[in-house]
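Peer 1: Shown below is the structure under consideration.
The values are calculated or read from the model by the stated rules, or taken from the named source; none is laboratory data. What you see is a predicted model, and the numbers here were worked out from it, not measured in a lab. Cβ sites come from the backbone with ideal geometry, for glycine too, and all protein chains shown count toward neighbours. What goes into the accessible areas is simple: the full protein's heavy atoms, side chains included, and nothing from ligands, DNA or RNA. Shrake-Rupley method; radii C 1.70, N 1.55, O 1.52, S 1.80 Å.
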Amino acid sequence: MITMDTSSFSGKKALVRVDLNVPQDAHGKVTDDTRARAIVPTVKKIIADGGSAILMSHLGRPKGKVNPAMSLKPVADHLSGLLGAPVLFATDCIGPDAKAKAAALKPGEVLVLENLRFHPEEEAGDEAFSKSLSELGDVYVNDAFGTAHRAHASTTIIARFFPDAKLFGYLMQAEIDSVGKVLGNPQRPMTAIVGGSKVSSKIEVLQNLIGKCDELIIGGGMANTFVKAMGGQTGASLVEDDLLETARGIVKEAEAKGVKLHIPTDAVIADAFSETANTDQCAADAVPDGWMALDIGPQSIESFRAAVLRSKTILWNGPMGVFEMKPYQQGTIAIAEAVAEATDKGAFSLVGGGDSVAAVNQFGLAARISYVSTGGGAMLEYLEGKVLPGIAAIKG
Ligand code: AMP
C-alpha cells in the first residue's frame, strides 16, 4: 500500500475525497471549520510536492437535487483562507465545467468540485458516475473518514478505477492508526468507557469491546438498563425494557472474559427532564418513583476515575449524563478530566463518536486527549468491528 509520506504528487492531479460538510449560518458563512482544517495537511502536501488537488465532498442532504443553499462555493472560499492560496471552483462535480477546470489545473493549484450529492448517483454508488469522477484525476486519495462507512461513489466505488494509485490522506490514516492502537494490540490495561442515551445503539460496540478491554465503564442513560437488569429500581429513568436480557448477557460475558465491569453505584436524579427540575442524589439502584437518573453520582465518579487513571489505553464513546444541561454535566466533566490526566501521564486516549467529542471540546480538554476522532457514525461502526467500505476500497 502506498502512503502520503511515501508518495510524490509531483506533476500529478490528485482527486481527493474530503469531508467539507461544515456547519454554516443562514448566509452560508462557515460557523465551525474543524472539518475543513482537518484536511489542510493532505492538501498542503500535494501542492508542496508540485501536484494539484481536486477536492470532492458532500454538504448537507440535498437528496440528489441541485440546491443552491447547499453549494460548496462558500466553503471553497473559506478553505482558500485556511490554505493561504486561491481555490478554484467547478459548478458541478462532473460534466464540461469540471472537466475543463481539472484539465487546466496547474501544479500547486486547488479545485473544489460542487456538492457530490446534487447527483443521486453519489449515494447510490453508481459505477458510471464514479468513472466520470475518476477521469478528473491521476491518483485517488480518500481523506473523508466521516463517510468511510458509506459505499458511495466518491468514497468507495471510485477506488476501482485507481487499482495502483489509491491511498489514504493524513486524516484518514490518523483515524485508522488511532483505532489500531486501541483495538489492535493495546498497551494494557485498556479501559473502554461507553455512555450515551441508549443500549440499543451501542450493543455491537459493547460486544466488540468486551473481547478487547480489561475494564469496561458504562455510564449515561444506557447504564439504567444495566441497573434495572441487575434488579435495581430505576424510577422514571430512561430504560430499554426489551434489552434487559441483553444487558444481563453482557454482564455475564464480562465475567466470563475476566473484564472488570463498572456500572454506576449512585446517580444525580431529577424530577423532570429539565435544567430547572428539582435534583437530588441517591443510590443508582434506588431511584424513587417519578425521578430519573440524569448523571452519575460522586461515588461512581471516584471509582470510574480510578479505573481511568490506572489505564495505559483508553477509549471513550458517549457522555456519562445529560451534559448539555448544567446540573447533569459533572460526571462527564470528571471523566473527561480523568482521561486528560491519564493521557498527561502517558496513556493513549481516543475519544470517538459524536457527543463525547462535543463534550471534550466544550470543556476545553481536546488538546490533552491523544486523538479526538472526526467521524461520528463511521467511528461507531469501526468500534463495532465492522469493515468500513471506504477503508476496504483502498486496502483491497
Ligand atoms: P448517544 O448519541 O447515544 O451517544 O447519546 C448522547 C445523548 O445521551 C446525549 O444527548 C445525552 O444527553 C444523553 N444522555 C446521557 N445520559 C443520559 C441519561 N442519564 N438519561 C437520558 N439521556 C442521557
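Peer 1: Test of understanding: extend the Cα→C-beta vector of Ala358 to 7 Å, then name every residue of region 317-343 with backbone N under 20 Å from that spot.
Peer 2: The answer is 317-337.
Peer 1: What number, in percent, do you get for the relative contact order of region 1-144 if the mean sequence gap of Cα pairs under 8 Å and at least 6 apart is divided by its residue count? Spell out each step's value before the answer.
Peer 2: Details: 276 pairs, mean separation 48.0, N = 144.
Relative contact order, region 1-144: 33 percent.
Peer 1: Within region 175-383, what whole-number % of the accessible surface is contributed by carbon and sulfur, with the 1.4 Å probe and all protein chains included in the calculation? Provide the component values of the computation, followed by the final result.
Peer 2: Numbers: 3990 of 8220 Å².
Here it works out to 49 percent.
Peer 1: Between Asp271 and Lys345, with labels modelled 7 Å along Cα→Cβ, what's the label distance in nm to one decimal, could you check?
Peer 2: So the label points at Asp271 and Lys345 sit 4.1 nm apart.
Peer 1: Calculate how steeply helix 170-179 sits against the longest principal axis of the alpha-carbon atoms of the chain, using the helix alpha-carbon long axis, and give the answer as 0 to 90 degrees to the nearest 10.
Peer 2: Value to nearest ten degrees: 30.
Peer 1: Here's something else I'd like to know. Given 0.36 nm per residue, what is the gain on full extension from Lys260 to Glu245 after removing their alpha carbon distance, in nm?
Peer 2: 3.5 nm
Peer 1: Report, largest value first, the span of the C-alpha coordinates of the chain along each principal axis, in whole Å.
Peer 2: Ordered largest first, the chain gives principal extents of 69, 43, 37 Å.
Peer 1: Give me the accessible area of Lys326, 1.4 Å probe, in Å² rounded to the nearest 10.
Peer 2: Probe radius 1.4 Å; accessible area of Lys326 about 140 Å².
Peer 1: Can you give me the solvent accessible area of Thr31 with a 1.4 Å probe, rounded to the nearest 10 Å²?
Peer 2: For Thr31, the solvent-accessible surface is approximately 90 Å².
Peer 1: Now for a different question. What size of dipole, in debye to the nearest 20, comes out for the chain about its Cα centre when the only charges are +1 on Lys and Arg C-beta atoms and -1 on Asp and Glu C-beta atoms? Show your work: numbers first, answer last.
Peer 2: Values: 38 positive and 46 negative charges, 252 e Å.
It works out to roughly 1200 debye.
Peer 1: According to the Cα gyration tensor, what semi-axes, each the square root of 5 times an eigenvalue, does the equivalent ellipsoid of region 13-168 have, listed from largest to smallest in whole Å? Could you put the intermediate results ahead of the total?
Peer 2: Values: eigenvalues 80, 73, 42 Å².
Gyration-tensor ellipsoid for region 13-168: 20, 19, 14 Å.
Peer 1: Can you tell me the relative contact order of the chain? Whole percent, Cα pairs under 8 Å, sequence separation 6 or more.
Peer 2: Working: 883 pairs, mean separation 58.4, N = 396.
Normalised by residue count, the contact order of the chain is 15 percent.
Peer 1: Still on this model: In degrees, nearest 10, range 0 to 90: what is the angle between the Cα axis of helix 330-344 and the longest Cα principal axis of the chain?
Peer 2: The angle comes out at about 60 degrees.
Peer 1: So what's the angle, to the nearest 10 degrees on a 0 to 90 scale, between helix 244-257 and the longest Cα principal axis of the chain?
Peer 2: Tilt of helix 244-257: around 90 degrees.
Peer 1: Between region 194-253 and region 262-326, what is the C-alpha centre distance in whole Å?
Peer 2: 14
Peer 1: Sequence-distant or interchain residues sharing an amide H contact under 5 Å with Ser370, placed H: which?
Peer 2: When sequence neighbours closer than 5 places are left aside, the close amide H contacts are Ser349.
Peer 1: List the pairs from Lys252/Lys326; Lys45/Lys99; Lys63/Lys202; Lys29/Lys181; Lys13/Lys65 whose alpha-carbon separation is above 32 Å, in the order I gave them.
Peer 2: Checking Cα-Cα distances, Lys252/Lys326; Lys29/Lys181 exceed 32 Å.
Peer 1: Can you tell me how much longer the chain between Ala128 and Ala48 gets when fully stretched, taken as 0.36 nm per residue apart minus their C-alpha distance, in nm with one decimal? Spell out each step's value before the answer.
Peer 2: Numbers: separation 80, 0.36 × 80 = 28.80 nm, distance 3.21 nm.
The span from Ala128 to Ala48 would gain 25.6 nm if fully extended.
Peer 1: Counting only heavy atoms of protein chains, what accessible area per residue, in Å², does the chain have with a probe of 1.4 Å?
Peer 2: Working: 16110 Å² over 396 residues.
For the chain, the per-residue accessible area is 41 Å².
Peer 1: Place +1 on the Cβ of every Lys and Arg and -1 on the Cβ of every Asp and Glu in region 171-239, take the dipole about the Cα centre, and give the residue among Ile217, Ile176, Val227 whose Cα lies farthest towards its positive end.
Peer 2: Comparing the listed Cα positions along the dipole, Val227 ranks first.
Peer 1: Could you size up the charge dipole of region 281-355 around its Cα centre, putting +1 on the beta carbon of Lys and Arg and -1 on that of Asp and Glu, and report it in debye to the nearest 20? Can you show the working numbers first?
Peer 2: Working: 5 positive and 9 negative charges, 67 e Å.
Charge dipole, region 281-355, about its Cα centre: 320 debye, nearest 20.
Peer 1: Also, I was wondering about something else. Going by Cα centres, region 342-396 and region 43-90 are how many Å apart?
Peer 2: Value for the Cα centre distance between the two parts: 24 Å.
Peer 1: Residues with amide H under 5 Å of Val16's amide H, sequence separation 5 or more or different chain, H placed in the peptide plane at 1.01 Å from N; which?
Peer 2: When sequence neighbours closer than 5 places are left aside, the close amide H contacts are Ile54, Leu55, Met56, Val141.
Peer 1: Please compute the length gained on full extension between Leu309 and Asp32, using 0.36 nm multiplied by the number of residues separating them and subtracting their Cα-Cα distance. Let's see the in-between values first.
Peer 2: Numbers: separation 277, 0.36 × 277 = 99.72 nm, distance 3.21 nm.
Difference between extended and current length: 96.5 nm.
Peer 1: Could you rank Phe273, Phe323 by how accessible they are, 1.4 Å probe, largest area first?
Peer 2: Numbers: Phe273 125, Phe323 5 Å².
Output order, biggest surface exposure first: Phe273, Phe323.
Peer 1: Describe numerically, in nm with one decimal, the distance between label points set 7 Å from Cα along Cα→Cβ at Asn185 and at Arg61.
Peer 2: If labels sit at Asn185 and Arg61, their model points lie 4.2 nm apart.
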